[in-house]
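Written out below as structure tokens is the structure these notes cover.
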Amino acid sequence: MDAGAVLYVGPEVRVVLDARWTWVTALERVTRELCESGGLGDAAASFEYLKDLIAGASPDVVVEELYDTGSVLDIADGVATVAGLRDVGSQEIVEFQGGVLGIAFSLMAERVGCVLLGPEEGIREGSDVRRTGHLFKVPVGEGMAGRIVNAVGRPVDGGVPLVARAHLPAERKAPGIVDRQPVDRPLHTGIKVIDALVPIGRGQRELVIGDRKIGKTTLAVDAILAQKGQGVTCVYCAIGQKASSVQRVVSTLAEHGALDYTVVVLAMPSEQPAFRYLAPYTACAIGEYQMDRGGDAFVVYDDLSKHAVTYREMSALLDRPVGREAYPGDIFYIHSRLLERAARMSVECGGGSLTALPIVETLAGDISAFIPTNVISICDGQIVLDAATFNEGTRPAMNAGLSVSRVGGAAQDRIMKQVAGRLRIDLAQYDEMAQFVKFGAEVDEATTRQLARGERARELLKQAQHAPMPVEHEALVLYAAVNGYFDPVDVAEVGRVEAELIEHADVQHPTVMASVRETPDLTPALETRLRELVESFPGLASGDSEPQGKAPATPEDGAAEASLAEGPLSAETGEAVA
């Protein structure tokens, strides 16, 4: 029988209530004697005897100090080795002389490796260090919107002091399967190629991967801009980014009014490794506060490649064993336990969501490297930005063949799914045919039409930066593209015609646009109105005769048959050849 209790009084003292050597021992002895002798004969008398014995108990009360103290053995590069902290726990906060905090990071038999959360000046060999008895927590709450904070949640934007409504641990166990529900609500990014081909759902983890300077951060910022008015709290976490790059991001967010619903977590490359290591966990905790309250949060980690390098640096300073590419053996775990916290919670747990958009940088487009493959295996899909596509002038430079969303259409607006259902197939066929005709092969009219439509679809998927598009405009443009309305438009004029079509729809047919925005399905009636809208715009073709979900018209239909009688067409000119 166990008898006793522990009462914690603050982080430093605990009160131990120990009844083992008083009434419990007597109770066990009397109970054993009753069992051996067959009882007192009267159940009521036995009960009264035991009750009087318990009532007369006088347990001992012992007050103990919870923490112990140690001393610094050595300190350098933001890492200290400490001796004497016998009972310290992993990730526990410790306090150095002068009030500087640190985290117990590497536990060994005779010493503890700690990473500092403040300046190391003033801490010397032999300086005292003590336990605090609690884990690292960060301030959270609605008051953080529009603020720039460091990895420990302190404002660094020169504004008023932060008043936090609560504090949450930076490290927290990911929600279990029972507490989740399927990802089936879209997170609209305003980027046509993503919303059409690799849709992102609320609660999903979608990786953005590619070489440096090809638009990874721009894509993430555009996704944040698209959340304006959508009730989504955004967190942008800059890990080891240059100050000039972060300043451009903050200026863009402020210019478009996105700072009103965005928190920026900043960990500069000049800061100590612990700040760069903690930054994504701090950002996740800020987003989790909204998820726990039934809201929707969107967190961008820019980027996890630098986070992995930081962890490798810390592990090397702490003399941890290394593995592949000198990373420690648990490098996979530090990212999996972060990204697994993204979830769509069940109704019983509030129904909130946390969507994660991690960014990983590759070298020479090698997505099979160690860190990229780790994060790809953790996430629910990836958006691959390709240097060759970028150099061709396509923005965003997404490689449609390598990019995928494992949630797929389940997280896509049904009207968008119906409108863009054929787009991926058209683009894949176009890429295949385009490679074929590079060698000067002669093609028939059907192939020529396929090439023309694919080329214009490619052009339509181009999008200027910081200009997210509403879902009704995306549906309109993609409907016109897959149904052949842009086929006669010169490729160089596609962008201009697209802008004029959108303006025509907003001015002349606002009710149709409102219906597209509010109606979940592309009903026959709505499709008729959408087709009439497109056909009322001058400069576009009449489109395919079949509805958009069917295959395009074949060369045997109508005038195409007469054209085929004249012979095959040139892939370059579209004219008949001998």
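The values are calculated or read from the model by the stated rules, or taken from the named source; none is laboratory data. On a predicted model such as this, the values are computed, not experimentally measured, just so you know. Every residue, glycine among them, receives a Cβ derived from its backbone with ideal geometry; neighbour counts consider all protein chains shown.
Of Gln290, Gln247, all but one fail to be more than 30 Å from Met345 (Cβ to Cβ) and not in a strand (DSSP E or B); the exception is Gln247.
Picking from residues in the range 467-498 that are within 32 Å of the chain's Cα centre (by Cα) and without any contact (Cβ under 8 Å) to a residue 60 or more places away in the chain, the one that is surrounded by the most Cβ atoms within 10 Å (Cβ to Cβ) is Ala481.
Residues checked against (1) in the same structural domain as Val491 (by TED's automatic domain parsing); (2) more than 21 Å from Leu278 (Cβ to Cβ); (3) outside any loop (DSSP other than H, G, I, E, B):
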residue	(1), (2), (3)
Val299	no, no, yes
Ser336	no, no, yes
Leu363	no, yes, no
Ser377	no, yes, yes
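Annotation: Phe370 fulfils all but one of (1) farther than 22 Å from Val232 by Cβ; (2) at pLDDT below 95; the unmet one is (2). Annotation note: of Ile371, Ile415, Ile383, the sole residue that is of a type in the set (A, V, I, L, M), part of a helix (DSSP H, G or I), in contact with a helix residue (DSSP H, G or I) (Cβ under 9 Å, 6 or more places away or on another chain) and closer than 24 Å to Arg453 by Cα is Ile415.
Could you list, in sequence order, the residues of the range 174-228 that are small (Gly, Ala, Ser) and not in a loop (DSSP other than H, G, I, E, B)? If you could, list the steps in order and put the result at the bottom.
Looking only at the range 174-228, we keep the residues that are small (Gly, Ala, Ser), and these are 174, 176, 190, 196, 201, 203, 210, 215, 220, 223, 226.
Matches in the range 174-228: Ala196, Gly201, Gly210, Ala220, Ala223.
When we screen Ala226, Ala308, Ala279, Ala238 for residues that are surrounded by 21 or more Cβ atoms within 10 Å (Cβ to Cβ), of a type in the set (Gly, Ala, Ser), touching a residue at least 12 places away in the same chain (Cβ under 8 Å) and in contact with a Cys (Cβ under 9 Å, 6 or more places away or on another chain), the only hit is Ala279. Going by what's in this entry, would Ala223 be described as farther than 15 Å from Val149 by Cα and among the hydrophobic types (A, V, I, L, M, F, W, C)? Considered against the rule, which asks whether it is farther than 15 Å from Val149 by Cα and among the hydrophobic types (A, V, I, L, M, F, W, C), Ala223 comes out as yes. Counting residues in the range 138-149 that are more than 23 Å from Asp296 (Cβ to Cβ) and in a loop (DSSP other than H, G, I, E, B) gives zero. Screening Ile75 on (1) in contact with a helix residue (DSSP H, G or I) (Cβ under 8 Å, 6 or more places away or on another chain); (2) crowded, with 16+ Cβ neighbours inside 10 Å; (3) not aromatic (Phe, Trp, Tyr) shows it passes everything except condition (1). Filtering Arg111, Arg165 for residues that are surrounded by 14 or more Cβ atoms within 10 Å (Cβ to Cβ) and modelled with pLDDT under 95 leaves a single hit, Arg111. Entry remark, the range 461-497: residues being part of a helix (DSSP H, G or I), among the aliphatic types (A, V, I, L, M) and over 16 Å from Met416 (Cβ atoms) number 4 in total. State yes or no: is Tyr281 farther than 21 Å from Leu385 by Cβ and under 16 Å from the mean Cα position of the chain (by Cα)? Against the criterion (farther than 21 Å from Leu385 by Cβ and under 16 Å from the mean Cα position of the chain (by Cα)), Tyr281 qualifies. Taking the stated definitions as given, is Glu500 under 25 Å from Val198 (Cβ atoms), assigned to a helix (DSSP H, G or I) and not assigned by TED's automatic domain parsing to the domain that holds Ala400? Answer is no for this residue. Within the range 428-451, being among the hydrophobic types (A, V, I, L, M, F, W, C) and within 24 Å of Met398 (Cα to Cα) holds for Ala428, Met433, Ala434, Phe436, Val437, Leu451.
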